[in-house]
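The values are calculated or read from the model by the stated rules, or taken from the named source; none is laboratory data. Being a predicted model, the structure only gives us computed values, none of them experimental. With ideal geometry, Cβ positions are generated from the backbone for all residues, glycine too; neighbour counts draw on all protein chains shown. Just so you know, the surface numbers come from the protein's heavy atoms only, side chains and all, with ligands and any DNA or RNA stripped out. Shrake-Rupley method; radii C 1.70, N 1.55, O 1.52, S 1.80 Å.
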Amino acid sequence: MASNLDTTVTVFGGSGFLGRNVVRALCKRDYRVRVAVRRPELAGHLQPLGRVGQIHAVQANVRYPASVEAAMRGSQVAINLVGILAEGGGQTFEAVQVKGAEAVAKAAAAAGARMVHVSAIGADKDSTSGYYRAKAGGEAAVHAALPSATIIRPSLLFGPEDQFTNRFAALARFSPVLPLVGGGVNRLQPTYVADVARVVADAVDGKAKAGATYELGGPEVLTMREVMEIIQQITQRDRMLVPLPFGLAKFQSYVLQFAPGAFKLTPDQVEMLRADNVVSEAATAAGLTYAGLGITPDSMEAVAPQYLWRYRASGQFQKKSA
């Protein structure tokens, strides 16, 4: 029986937030991990996640198919984690999340390799969001090139160094009010990044159905307002949550798309907030969820205090009376 040490897994986008967790999960299962990134010299932080020689970084840019093909040589599994939340220059949704995903799938097919492609809940060719349309286009391109590819759609990811809970915790640190785009009534199912990484590793192990699309959401369905309230409780801050109509948010986003850090808000991100981001009834019925894989996901309230403590204010949180 072949050992995982004989299996090379190429992880495209392996140096990012989800990528670091996927690399760690694969290393724990003794796979040889090839991390394909645009700047391999900046991927040194991954080395402590595995044993000496287990992780190897190589240069690849999904916008250039030749570099993707080179990264796949001698690899038995491809994992595509590459994605962007905001466009800039040549980094467009179409180039990265559609054509890029297609390039990885074609390279995997040519190499006779299996593939795991990470998309997102909300992927829809008819969405008003360019991000979600591109995610849907990427899924279609992957299955056209490699029908056996397993697709994983997580809801919003949270965990140390995420751009979700940390962003709002940072805003609450110095802003007296926090905006709720659309009133904060859209529903989310935040999922812990390590749980998603476990599913990716399980798919590499062959525990997921080939050609299937899994939807991963945490144990609770929360509105954006409820998410913000949880973050405030954990950080012991009490900020006013102010509803911001979609029209006004969209208008402001044309300026805020150029803002730095936590203040950044693009017009497309406003569109993303118009829809719920939860596991579908169809995926649940088909067993294409955490439950179908025998995994009990962790909740935000259980995990977030472990890394949001640095944002805590002095004194105890006192919730405003309604």
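Brief remarks follow.
- If R0 is taken as 30 Å, the Cβ-Cβ distance between A285 and E226 corresponds to a FRET efficiency of 0.70.
- 0 to 90° range, to nearest 10: angle between helix 165-174 axis and the chain longest Cα axis: 30
- Accessible surface, the chain, averaged per residue in Å² (probe 1.4 Å): 46
- Degrees separating the helix 193-205 axis from the principal Cα axis of the chain, which is the longest one: 20
- Pairwise Cα inverse-distance average, inverted: Kirkwood Rh of the stretch 105-160 (Å): 12.0
- Percent of beta bridges antiparallel (DSSP, the chain, rounded to nearest 5): 10
- Between R310 and D30, residue separation times 0.36 nm minus the direct Cα-Cα distance comes to 97.4 nm.
- Accessible surface ranking that places the most exposed of H143, H117 first, with a 1.4 angstrom probe: H143, H117
- Lys pairs under 18 Å by Cα in the chain, provided they are eight or more residues apart or on distinct chains: 6
- FRET efficiency for L256 and A302, using Cβ-Cβ distance with R0 set to 25 Å, rounded to 0.05: 0.20
- Annotation: for a label point projected 7 angstrom from Cα along Cα→Cβ of T128, residues of the stretch 178-203 with backbone N closer than 11 Å are 182.
- Reduced Cα scattering model of the stretch 219-300, Debye log10 I(q)/I(0), q = 0.11, 0.15 Å⁻¹: -0.47, -0.80
- Amide H contacts of L216 (H built 1.01 Å from N, under 5 Å, at least 5 apart or other chain): R153, S155
- For the stretch 287-292, 3J(HN,Hα) computed residue by residue from phi via the Karplus equation (6.51, -1.76, 1.60; θ = phi - 60°) reads x, 9, 9, 3, 4, x Hz, glycine and proline entered as x.
- Mean-position separation - Cα centroids, the stretch 54-72 and the stretch 83-107, in angstrom: 14
- If you run the Gaussian network model on the chain, springs between alpha carbon atoms under 10 Å, then out of A140, A282, A36 the most flexible one is A282.
- Per-residue [θ]222 nm for the chain (sum of -39500 (n - 2.57) over DSSP H runs n ≥ 4, rounded to 500): -10000 deg cm²/dmol
- D6-V58 FRET efficiency (beta carbon distance; Förster radius 25 Å; 0.05 resolution): 0.85
- Whole-Hz couplings from phi, Karplus 6.51/-1.76/1.60, listed for the stretch 149-163; x for Gly and Pro: 4, 8, 10, 10, 10, x, 7, 4, 8, 10, x, x, 6, 6, 9
- Measuring nothing but protein heavy atoms, the accessible surface of the chain at 1.4 Å probe radius is 54 percent carbon and sulfur.
- For V181, nonlocal amide neighbours, meaning residues 5 or more places apart or on other chains whose placed amide H falls under 5 Å from its own, are L244.
- From phi via Karplus (6.51, -1.76, 1.60), per-residue ³J(HN,Hα) for the stretch 129-138 in Hz, x at Gly/Pro: 8, x, 4, 5, 5, 5, 4, 5, x, x
- Listed residues K125, K135, K264, most fluctuating in the chain (Gaussian network, C-alpha, under 10 Å): K264
- Once both labels are positioned 7 Å from their Cα atoms along Cα-to-Cβ, the gap between R39 and V185 label points is 4.3 nm.
- Residue of L171, L81, L216 that the Gaussian network model of the chain assigns the largest fluctuation, springs spanning Cα pairs under 10 Å: L171
- Residues whose amide H lies under 5 Å from that of V35, counting only those 5 or more places away or on a different chain, are V11, H56, A57, V58; hydrogens are built 1.01 Å from N in the peptide plane.
- Taken over the stretch 1-120, the convex hull of the Cα atoms encloses 102 Å³ per residue.
- Using heavy atoms of the protein chains and a probe of 1.4 Å, the accessible area assigned to R198 is about 100 Å².
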